[in-house]
Amino acid sequence: MKIIQDPQLLKKLLIKSGLLQEIPSIEDYQLQLIGFEKQELLCCYQDPMANLLFLVEGQVEITRTLSNGNTVLYCFLENEGVLGTMELAENAPTFCDVWAMTNGYLIGIPMDPENNQKILDNHDLLLYLFHKQAVQMNFCVQRSAVNSICRLENRLASYLCHSAKDGFLNENLTRLAEHLGTSYRHLARNLRNFVQAGYLERCGDGSYRVTDLAALKELGRDVY
C-alpha cells in the first residue's frame, strides 16, 4: 500500500463513494488516500490497526490462518466496505487478514486515542459504521450457514464469480483449496469437471479462463 498525495482524487472518491454525503464532517479528519494492488496484504492478523479504512474502490477478501496452518475465507468486501470497526470498538489488534483481489483505493482515518474518541463522538460517522458492520456481519453469518451445506462446486463457482473478474483464475491452488475448506485433490477434480462442462478453459500457463460466467453465477448464487 502507498499513501497518495492527490487532494482532487481524494475529493472525487469521497463524493463517488457517498461518504461525503452520508458523513458531511468526514473532511474534519486528517484523511489519507491509500492505493493498493492486487494480491497485496492490506491488514495482517494481530498487527495494530493503524487506520479506520473505507474501501472506496476495489475488492478484498477477509481471511484467517488457523493454528494448524489452514486458511479460512470469511467473506468478500467490495466498494463501500469498512475495515477496522471491531478493532476500534474493542481497542484491539487486527482480527483477520485482508487481501486485495483487485487494484483499488482506501480512505483512512488514523486510529490513535485522540482520533478514536472523535470518531466515537461523531453521531453520523458512528451510525455509518454500525450500519456497515451490521451488513458485513449479516453477510458473514449467512455465508457461514450456507457454506456448511453447500457442495464444493457451489462454493468454487461463487468464488470464481468474485475473483476472476478479469476472466482468469491465476491463484495458487493449494491456497485456494485451504480458502474453500477442501483438499487440493478435491479442488482439482472440480476444476476438471468445470472444464469438461464448458464453464472454464485450461490455459497453457496453468491458469483457467472463465468461459461461461452465467452458468457459474447460477451454480454459486447462494454463496458469498
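The values are calculated or read from the model by the stated rules, or taken from the named source; none is laboratory data. This one's a predicted model, so the numbers in the text were calculated from it and none came from an experiment. Counting neighbours? That spans all protein chains shown, and the Cβs are built from the backbone with ideal geometry, glycine included.
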Checklist outcome for this item: The number of residues in region 148-183 that are at pLDDT 75 or above and surrounded by fewer than 14 Cβ atoms within 10 Å (Cβ to Cβ) is 7
Item to check | Residues satisfying the stated conditions in region 2-50, i.e. more than 16 Å from the chain's Cα centre (by Cα), under 15 Å from ASN103 (Cβ atoms) and of a type in the set (Lys, Arg) | outcome: LYS2
Next on the checklist: Can you find, within region 108-147, the residue that is surrounded by the most Cβ atoms within 10 Å (Cβ to Cβ) among those that are in contact (Cβ under 8 Å) with a residue 24 or more places away in the chain and among the charged types (D, E, K, R)?
Outcome noted: ARG143
Checklist outcome for this item: Picked from region 78-101 (must be out of contact with any Phe, Trp or Tyr (no Cβ under 9 Å at 6 or more places or on another chain) and within 25 Å of LEU160 (Cβ to Cβ)), the residue surrounded by the most Cβ atoms within 10 Å (Cβ to Cβ) is VAL98
Checklist entry - Got a sec? Which of ALA157, ALA100 is closer than 30 Å to LEU187 by Cβ, in contact (Cβ under 8 Å) with a residue 40 or more places away in the chain and out of contact with any helix residue (DSSP H, G or I) (no Cβ under 7 Å at 6 or more places or on another chain)? => result ALA100
